[in-house]
Each structure stands twice: as C-alpha cells, then as structure tokens.
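First comes the structure, then the notes that go with it.
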Amino acid sequence: MNEKSPPAVESPALRQAGGQLLSLALIDARNHTLQWLAAWEQAAERQDPPGLAGLPQVLDIAQRIGALAHRWIVSPAGGVDGGAVPADSLRTGLMASLEATLELLDAAPDDDAGLRLFRAALFHEDACGEQLAALAQAHGLQAAQRAPAALAWRPPLWLPARRWTLGSAEGGFSFDLERPAHGVDVPEFEIDAQPVDWARFVEFVDDGGYDRQELWHPDGWAWVQGQGRRAPAHVAQIGGGGGAVLQHWFGQSVRLSASQPVIHASWWEADAWARWAGRRLPTEAQWEIAAVSASNQGFRWGEVHEWMAGSLRRWDGYRPDAWSAGTWLDPEPYWGRARVRRGASFATRARLKHPRMRGFGLPDADQAFVGFRSCAV
C-alpha cells in the first residue's frame, strides 16, 4: 500500500491529463483499492477484531467506487444503484468496471468535456482510498503506513495584502466546492510556516487546556465534557514526563517526535489551542495564498489536512456536480455545520494534492488525518 507509482501517474497535473495518462492513473487507483480490500479481507479471515469490525464499511466504500463508474460512465442510463455488486464477487465486479471504463476512455474525446467524468472517477477513487486508510487507523488494522514527517520549526511568515482569486478557474478538472473562482481582498497577515507540532500542543495540555472552559467554543466545551477528552484521537499518553506523546498508529503503539504535526485533532481542539496561544485559525484565502505563493519562503503543507476558521458555505455561483451526490465529497448535508479543511495528508495520493482543493468535516470529526496551523490575531 506504500508502493510508489511512476511520477507522471502521481503528478497533480493529472487534473489536466489526457486519456493515455489518465488510463494509467485509473489502473493505479484500482490497484490501490484492491490492495486495501485484500488487507481487510485477510484480517477478517484471520478473525482479527479490526478486520471483522471494519470490513463492512470497506465493502461499502468499494461498492461506491464501482457504482460511481457504472452510473456515470459505463451505463449512465442504468440508474444510481446500477453498479451494485454482491460482496462475494466485488473484486470481479471492480475489475470488470475498470475494463469497461478504460474501453470507453479510449474512445472518448481527448478534451476537458470528454474526460470530465473519467477524471472525476479517478479522484473519487483516490479520495475513497484515503478513507480506507483512515478506517484502518480507526480500527487498529496493522498496515505499513509512515507517520507524518517531522518538520524543522520555521518562524511564521508575513504575507502582504493583495487581491486574490480564491478557488479553481475553469479548465481541466476541479471539484465543485472549488468553484467558481472569485476575487477577494486579503489584508496583510502572519501565518505559521508549518502545522502545529506535538511540542506546542503538549504545552497546551500541560497548561490545563482541556480543563479551561474559557478556551473553548460552547459547543466544543460540551463535546469535551461529554467525551471526557484529554488529547486528540488515538493518543494513549500525552504531557508530563518531558512532554511525551504515545499514539496508537495502525495497530501499534508509536512514540511520536515533538516536531511531528498534531494529527487526528477535531476542529474544537484546534480552535481551543489557537485561543490558548493568543492566535486563530487561518481563513481559506490566507491558507491558499500561502500554499500557492509562499513555498519558496518555507510554507510547508501536505503531511496533514488542516482545519480552517470558517464554516462550510457555498460560494456565490456554486453549482453542484451531479456525479458527486451521495459520495464522500457531497457537501449537501453539511452546509453551515461542517468546517472547512484545506491541504492534504501523508495518506493522500500525490495526484490528489492541490492547494485549491476544499474539504470539510464536522467539528467533532477526528477520524481523518487532520491537524491545523495558526495565524496572528
């Protein structure tokens, strides 16, 4: 599950890829899905509790992958559920779906309109692949997944005021949440060069951060009390004794480096930490400006998804993509309730990483590989 694909197949330029490269990427994505499926099936066959508990969700995700390609590419007149395949023949169904997709791709016009749904199928499957990794972590399935890389501390960056085009312009592939691109005025701001690390979060814990109601949004405080929360998800030990952090990591206990980014944090925890530090979470525009234009100044992203300050909202002129309805990428049930995530994680396929991609999650969600960074107030 960590095998490296050819660089071209992993390139973020797949958003503009032609049919030949896109076909290779679709094969690569399906192989990745099948590797995860095999890992879960083998765990279930061994009667491992993680495999038995997680396999039904894994099968559902795999079904969604096959159903999307069937509904929108292979048999668009066949109905939304036309791609459902019995669990005992799911692998066969996924391979047959891929073969049919590739045949149709070979005959499709090699332009944005002709390739739009094929690109959508690719990136939907990549997003599902990260869901499979997150499920493995949540259930404690043993898998060879590297932890987020430790990052040397760099001072925060000051970026000047500007007029910024937020979101993705027309041309190539983009997700509906990224559209339409629109101009925003952004005053000068200071932003962390990298996500908050465990060393800085342990200081919050040791300073009684989880016991200080004034640091928390009222709903976040109720969540903390209801959960009995003392650390981000999967953390077995944090704070004291030199600031140690021990985390359950894909079925094993792992000692984390102080300079590794915080991971599996809820929005409530990210917001409370920022209040404690006298800072705040970045806006989408601030994060996007830094990700697009400040990499040469030391801005680092891509090890963990990152929480933004604002709630999920439609941009003026937003039009949903019909293909995304009912998928992991469908925002319809979450407008105004979810918080925005930006960036990507160590588990995100490289071709899916894009500085303008918008994600989202409910503020108490901590299963995904999410951390955060801060801005000056």
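A short reminder: the numbers here are calculations on the coordinates, not readings from a lab. Note that the structure is a prediction, hence the values are computed from the model and not measured. Ideal geometry is used to build each Cβ from the backbone, glycine not excepted, and the neighbour counts take in all protein chains shown.
Taking 41 Å as R0, compute the FRET efficiency from the Cβ-Cβ separation of residue 190 and residue 38 and round it to 0.05. Intermediate values should be presented prior to the final figure.
Values: r = 47 Å, r/R0 = 1.14.
With R0 = 41 Å, the Cβ-Cβ based efficiency is 0.30.
Across the chain, the longest piece that holds none of the trypsin sites (Lys or Arg not before Pro) lying in DSSP loops with up to 15 other C-beta atoms within 10 Å covers 47-145.
The alpha carbons of the stretch 294-377 stretch over 38, 33, 29 Å along the principal axes, in descending order.
Quick one: if the Förster radius is 51 Å, what FRET efficiency do residue 252 and residue 280 give, using the C-beta to C-beta distance and rounding to 0.05? Approximately 0.90, to the nearest 0.05. Shape of the chain from the C-alpha gyration tensor: oblate (a/c of 1.5 or more and a/b not above b/c, with a ≥ b ≥ c the square roots of its eigenvalues). Under a 5 Å amide H cut-off, with hydrogens placed 1.01 Å from N, residue 361 pairs with 339, 341 among residues at least 5 apart or on other chains. Count Lys and Arg as plus one, Asp and Glu as minus one, and take only other residues whose Cβ is under 9 Å from that of residue 170; the net charge is then 0.
Taking other Cβ atoms within 10 Å as a rough exposure proxy, 97, 23, 89 sort from fewest to most as 89, 23, 97.
Spacing of the modelled spin labels on residue 295 and residue 211, each 7 Å from Cα toward Cβ, amounts to 4.5 nm. Taking chymotrypsin sites (Phe, Trp or Tyr not before Pro) across the stretch 91-189, none is in a DSSP loop with at most 10 further Cβ atoms lying within 10 angstrom of its Cβ. Each Cα pair under 8 Å and six or more residues apart adds its sequence gap; the mean of these over the residue count of the chain is a relative contact order of 20 percent.
Backbone geometry of the stretch 369-377 corresponds, through the Karplus equation with coefficients 6.51, -1.76 and 1.60 at θ = phi - 60°, to 3J(HN,Hα) couplings of 8, 10, x, 5, 9, 10, 10, 5, 5 Hz, x marking Gly and Pro. Along the stretch 33-50 the Karplus relation, 6.51 cos²θ - 1.76 cosθ + 1.60 evaluated at θ = phi - 60°, assigns HN-Hα couplings of 4, 5, 5, 5, 4, 5, 4, 5, 5, 5, 5, 5, 5, 7, 6, 5, x, x Hz to successive residues, with x for each Gly and Pro. Computed from the C-beta positions of residue 100 and residue 377, the FRET efficiency with R₀ = 45 Å rounds to 0.25.
Taking the helices alone, the chain has a mean residue ellipticity at 222 nm of -12000 deg cm²/dmol, built from -39,500 (n - 2.57) per DSSP H run of at least 4 residues and averaged over all its residues.
Sorted from fewest to most neighbouring beta carbons within 10 Å, what does the list 70, 182, 248 look like? Before the final figure, lay out each step's value.
Values: 70 24, 182 12, 248 16.
The order, fewest Cβ neighbours first, is 182, 248, 70.
Going by a ≥ b ≥ c, the root eigenvalues of the Cα gyration tensor, does the stretch 201-313 fall in the rounded group (a/c under 1.5), the prolate group (a/b larger than b/c) or the oblate group?
Details: a/c = 1.83, a/b = 1.22, b/c = 1.50.
Since a/c reaches 1.5 but b/c is at least a/b, the shape of the stretch 201-313 is classed as oblate.
Expressed as a fraction of 2.2 N^0.38 Å, the value expected for a compact globular protein of N residues, the C-alpha radius of gyration of the stretch 221-268 is 1.20. In the stretch 7-139, if the dipole is taken from +1 on Lys/Arg beta carbons and -1 on Asp/Glu beta carbons about the Cα centre, which of 75, 109, 27 is farthest to the positive end? Final value for the positive-end residue is 75. Its Cα gyration tensor gives the stretch 157-376 an equivalent ellipsoid. The semi-axes, each the square root of 5 times an eigenvalue, are 29, 19, 17 Å from largest down. For residue 189, the amide hydrogen comes within under 5 Å of the amide hydrogens of 159, counting only partners 5 or more places away or on other chains and with H modelled in the peptide plane.
Normalised by 2.2 N^0.38 Å, where N is the number of residues, the C-alpha radius of gyration of the stretch 7-139 stands at 1.07. Phi-derived couplings, Karplus 6.51 cos²θ - 1.76 cosθ + 1.60 at θ = phi - 60°, listed residue by residue for the stretch 264-276: 6, 8, 7, 5, 4, 5, 4, 5, 5, 4, 4, 4, 4 Hz, with x used for Gly and Pro. Helix 218-227 and the longest principal axis of the Cα set of the chain meet at an angle near 80°. For the stretch 134-189 and the stretch 1-71, what is the centre-to-centre distance using only Cα atoms, to the nearest Å? Using only Cα atoms to place each centre, the spacing works out to 23 Å.
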